[in-house]
Amino acid sequence: MFPSSIKKLISELSKLPEIGPRAATRLVLHLLNRDQSELDNLSSVIKTLKSETQLCQQCFNLTEKDQNFCPICQDLKRDRQTVCLVENVLNIIPLEKTGYYHGLYHVLGGLISPGNGAGPEKLKIKELIERLKVAEPKIAEVIFALSPTTEGDTTTLYIERLLRPFKIKTSRLGRGLSVGSDLEYIDENTLTNALLSRK
Ligand SMILES: [Zn+2]
């Protein structure tokens, strides 16, 4: 019932996570009511999204294309001896919001999931080990802030074993996190408590 340009956009938007055909149709009809200049702006930021961003060379957070390091790694006020291990960039946001964590991060880019064929070689684990070897000042603590799921626990155990020879303190988020929950959806208070009670 729609012209082909509308159908094409609905089909593209429907491929996005958590957007079904219904939501995609609503979005497209909404876009039709916007000014042409707004649509031009939207399409140009989408077009340059990838070329304008890259991964931080130290922690693999996102950063500007002309910056080797992300704003967190560049911030000299942060505690450079503490590194918090997270699954993906999204997990940094709630940890930053707690206002309690002042160390650095290391983004793994996923979790080990043997069932889905996701082995450790796909994650930034080699890079973590390399980082621990060369970091100056030396890293004193690695906090595992991975989701309390089977994949999260498997990944934590795997990396903890690799870190043993370094004699670095390792800790995991503590109380308040229910088993199976995804860190992405945990509120700041729970996360602050989990950080404070890490063990
Ligand atoms: Zn960084």
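Across the range 1-87, the relative contact order, built from alpha-carbon pairs under 8 Å that are at least six residues apart, equals 12 percent.
Kindly count the pairs of lysines across the range 9-116 whose alpha carbons are less than 21 Å apart, treating pairs on different chains or eight or more residues apart as eligible. Lysine pairs, 8 or more places apart or on different chains, close enough: 5. Across the chain, the convex hull enclosing all Cα atoms gives 167 Å³ per residue.
In this structure, Q74 and S197 have a Cβ-Cβ separation that, at R0 = 35 Å, corresponds to a calculated FRET efficiency of about 0.70. Per q in 0.11, 0.13 1/Å, what log10 I(q)/I(0) does a Debye calculation on the alpha-carbon atoms of the range 1-116 return? These q points yield log10 I(q)/I(0) values of -0.59, -0.76.
Go ahead and run the numbers for FRET between R161 and D66, Cβ-Cβ distance against an R0 of 45 Å, rounding to 0.05. About 0.75, to the nearest 0.05. Relative to its residue count, the range 4-48 spans a Cα convex hull of 76 Å³ per residue. Could you give the angle, 0 to 90 degrees to the nearest 10, between helix 36-48's Cα long axis and the longest principal axis of the Cα atoms of the chain? Once rounded, the angle reads 40 degrees.
The numbers here are math on the coordinates, done by the rules we state, and not lab data. This is a predicted model, so every value here is computed, not measured. Ideal geometry is used to build each Cβ from the backbone, glycine not excepted, and the neighbour counts take in all protein chains shown.
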